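The values are calculated or read from the model by the stated rules, or taken from the named source; none is laboratory data. Since we're looking at a predicted model, the values are computed, not measured. Cβ coordinates were reconstructed from backbone atoms using ideal geometry, including for glycine residues, and neighbour counts include every protein chain displayed.
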């Protein structure tokens, strides 16, 4: 097979194969998550869906790995030389590490859907930077490159996974706070309060007996005691779900997501060849993120307890922070070898430094009593904005030694 | 008499307030203390980190003088950027050199003071921890994260010895406790791990910043960096203070610290992907210098420099920075040669190389603005067609000729730029390799084309310290994030009913309880195997409360 055919094959493996498999697996997993509070037959279907999702995810990862290998063969070098390749590998690392972590360490495979959705989003973003396979600039041709770049890419992927869990934590926490505030309002005249038949009869404000998936036992359900086929229990649970969803104002969430994404995606507005192309990309990215946020809002009732997501976000960030640190040091060493200076405040070096500071801030905030919880999660979200912003800006806007965007 | 009725002097306050010295001294002292305490707060450190981040953002958005001086000049003169007025404000606050500005240094200093203020009590506490602390002996196990009971035929002493040996092998700190008859605490082996390592790792991580700072400051003093362009086959240059085009030594780097070798470039290899249809068309594929080094008091030797492989001469590195074509341009005025050297033009965005000829030997001065198109093949009409391709298959040298005053020494100018203020243009010319042309009595010829390479020569004695600092940083980070604090107790009791030993293993995890679960199960299994233990009866004794509730711990 010639390198042209290999290039074509690698493109096909990437799109549609990998992207569709990730998306499909994400949808199936998310469906399975919704059945955990359903009737018995629903749960059976949910378990089946989870198995199907697993198969799709493994197929997707296989296709993705195959894409990377074929692309590597087509251009006879490691596929880590330009933005498309780096972003694509970032998605692969994020998905593989995220799924393995949830499966083997956390043992919460029902959350896989969110990781896969994040992976599909990053994969789609890489499509915006697609470049045909080609050779490498000689300055990049050294063993330092795979070492330095792959560490940073792995860190980026894991930071992305951490961002997903920070965002989910914030969503769930907001919803719970809103429900709690609503319930503790004197008079209890809200529709939420009325939904709890038990509350009304006892005249007390309590958690629904079984419906809240975040009761003190700390497992997904608390729904072990729930009789899935009891209509009254079901109604209670569904009312609680609706209340949780209402706790996150959709318009505010959409607007916030749009503006938050715009903090990063304005780069496309200013750097595309034509104004309309730039606007197209800008809107594509922003609206996709808004859609993802709204989907996540719908899934708020099915999320695990806030402490779990907070913990996952912290562990993943800590791990990625170590990788980022080592990768940045490796980059400084490469710069010393290749450019004769180890640090020159090049845009990308500044970006790496900023990201490091931002995530160091997150880890310190986690260790500080006053800022824990929501404050820390917001810092985590801001740190991811810094990461993506510096990544795009240093490649597209400011031309420096690291600008390999259009190779 | 009740205690509260005692006269006050017999019941002194726990902490006696020091009588403050009156006057301004007290005010200053109190202020310093207040500032110190403010700096020691974590929140302050976060604000300072934020300030550092904002300064870096400014440095990214505004061109920095040490990096791109020409852009800064353009901004100052209003040719680019937001205009002269804004530029003046930027200059006033030091935004053109953020990393050298007083604000940046102040933030950095505050950050280091804050770090110091934060670390001193922590280091004291850590030393106390390491010197004094021991795994605690428990009286009752109470509620722990993990707990298992088993029975064995071995004696309690044997079981405790086995447990101590097992835990010691797994690098726990072990404290055996054999109770006296009147001791209310049961016989046990207490153990803990991770308590020193976690905090110690965090301390090492933070202390590594002092090593990095020291290395950077040392670097400012001892380092040396010089740039120099060399044409292929030229005599090259010697490593002395005066032979570099740009030269920035550290404060403590003297002229005697140069090694005095001679450097010659024999040949420079560069190539590209020439097929316009191939992927990555036009990209360079190789940059390689074949050089000859003559040490000050030794035989010459040959060496090769690649893009990522600088030459290392006893700690002095020679790195390839840039390159260009070096046309030899000969200028004759009235039969007299006034200029005959290789130019070192630099590449421009248009794909051509731009340089200048300055011939003050002629009267009036001759100046040529030179444009070299490496690949400009003849078109169908016989006229050269410049392309952007960088390979020199059909080089074309285009020049614009000036006469007048070059103003050398009067104004700041680079070797590749003419100051045309006092010059008048006399016309254009275009030359193929080997041709010559006469314009207004000046004969310009282009007999030879070579290449030149810009090298950076640098000496950085601080590098080992930077590597040391980075290593400490990573090791400390790993310790502070991945050393988990755990405590464990193995309590043995003699079963009064039967001649056997009741063993209770209990543990507490301060981080990652879910990882401890497995580790604990592992330990218990190994201990049971070592002592021939069997699971305890389903009815626990009075000393073992059944309910073990999960305790939320910080992860």
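I'm told residue B:302 meets every condition in (1) more than 26 Å from the chain's Cα centre (by Cα); (2) exposed (fewer than 14 other Cβ atoms within 10 Å of the Cβ); (3) without any contact (Cβ under 8 Å) to a residue 12 or more places away in the chain except one. Can you identify the failing condition by its number? So residue B:302 meets the others, but not (3). Residues in the range B:59-80 that are at the interface with another protein chain (Cβ under 10 Å from one of its Cβ atoms), crowded, with 18+ Cβ neighbours inside 10 Å and closer than 21 Å to residue A:267 by Cα: B:59, B:60, B:63.
Considering A:342, A:302, which residue is touching a helix residue (DSSP H, G or I) at 6+ places or on another chain (Cβ under 8 Å) and away from chain B (no Cβ under 14 Å)?
A:302
Considering only residues of the range B:249-287 that are within 14 Å of another protein chain (Cβ to nearest Cβ) and on the phi > 0 side of the Ramachandran plot, which is modelled with the highest pLDDT? Once the filter is applied, the top-ranked residue is B:282.
Hey, among the residues in the range A:320-339 that are more than 8 Å from chain B (Cβ to nearest Cβ) and more than 27 Å from residue B:227 (Cα to Cα), which one's surrounded by the fewest Cβ atoms within 10 Å (Cβ to Cβ)? Ranking the qualifying residues of the range A:320-339, first place goes to A:323. Under 52 Å from the mean Cα position of the chain (by Cα) and within 17 Å of residue B:492 (Cα to Cα): is that true of residue B:166 in this structure? It is true that residue B:166 is under 52 Å from the mean Cα position of the chain (by Cα) and within 17 Å of residue B:492 (Cα to Cα). Scanning the range B:288-310 for residues that are more than 26 Å from residue B:391 (Cα to Cα) and touching a strand residue (DSSP E or B) at 6+ places or on another chain (Cβ under 7 Å), we see that the one that is nearest to the other protein chains (Cβ to nearest Cβ) is B:293.
How many residues, within the range B:73-113, are in a helix (DSSP H, G or I) and farther than 22 Å from residue B:57 by Cα?
1
Annotation: of all residues in the range B:455-479 being more than 8 Å from chain A (Cβ to nearest Cβ) and farther than 24 Å from residue B:318 by Cα, the one that is surrounded by the most Cβ atoms within 10 Å (Cβ to Cβ) is B:469. How many residues does the range A:267-305 contain that are outside any helix (DSSP H, G or I) and under 21 Å from the mean Cα position of the chain (by Cα)? Summing the residues that are outside any helix (DSSP H, G or I) and under 21 Å from the mean Cα position of the chain (by Cα) in the range A:267-305 gives 4.
Every residue, every condition in (1) in a strand (DSSP E or B); (2) surrounded by 20 or more Cβ atoms within 10 Å (Cβ to Cβ); (3) at pLDDT below 90; (4) on the phi > 0 side of the Ramachandran plot, yes or no:
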site: B:123; (1), (2), (3), (4): no, no, no, no
site: B:142; (1), (2), (3), (4): no, no, yes, yes
site: B:165; (1), (2), (3), (4): no, no, no, no
site: B:182; (1), (2), (3), (4): no, no, yes, no
site: B:189; (1), (2), (3), (4): yes, yes, no, no
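Would you confirm whether or not the range A:286-297 contains a residue that is within 14 Å of another protein chain (Cβ to nearest Cβ), closer than 15 Å to residue A:166 by Cα and crowded, with 20+ Cβ neighbours inside 10 Å? No; the residues of the range A:286-297 include none that is within 14 Å of another protein chain (Cβ to nearest Cβ), closer than 15 Å to residue A:166 by Cα and crowded, with 20+ Cβ neighbours inside 10 Å.
A count restricted to the range B:515-535 and to residues that are without any contact (Cβ under 8 Å) to a residue 60 or more places away in the chain, over 45 Å from the mean Cα position of the chain (by Cα) and surrounded by 12 or more Cβ atoms within 10 Å (Cβ to Cβ) stands at 1. Looking only at residues of the range B:226-248 that are part of a loop (DSSP other than H, G, I, E, B) and under 14 Å from residue B:316 (Cα atoms), we find that the one that is farthest from the other protein chains (Cβ to nearest Cβ) is B:240.
Going by the structure shown, is residue A:358 crowded, with 18+ Cβ neighbours inside 10 Å, under 19 Å from residue A:324 (Cβ atoms), modelled with pLDDT of 90 or more and at the interface with chain B (Cβ under 10 Å from one of its Cβ atoms)? Yes; evaluated as a whole, the condition is true for this residue. Identify the residue in the range A:335-367 that is out of contact with any strand residue (DSSP E or B) (no Cβ under 6 Å at 6 or more places or on another chain) and not in a helix (DSSP H, G or I) and, among all such residues, is nearest to residue B:224 (Cα to Cα). Looking at the filtered set, the residue picked out is A:341. Considered as a group, the residues in the range A:97-114 that are away from chain B (no Cβ under 14 Å) and under 14 Å from residue A:320 (Cβ atoms) include one that is surrounded by the fewest Cβ atoms within 10 Å (Cβ to Cβ), and that residue is A:97.
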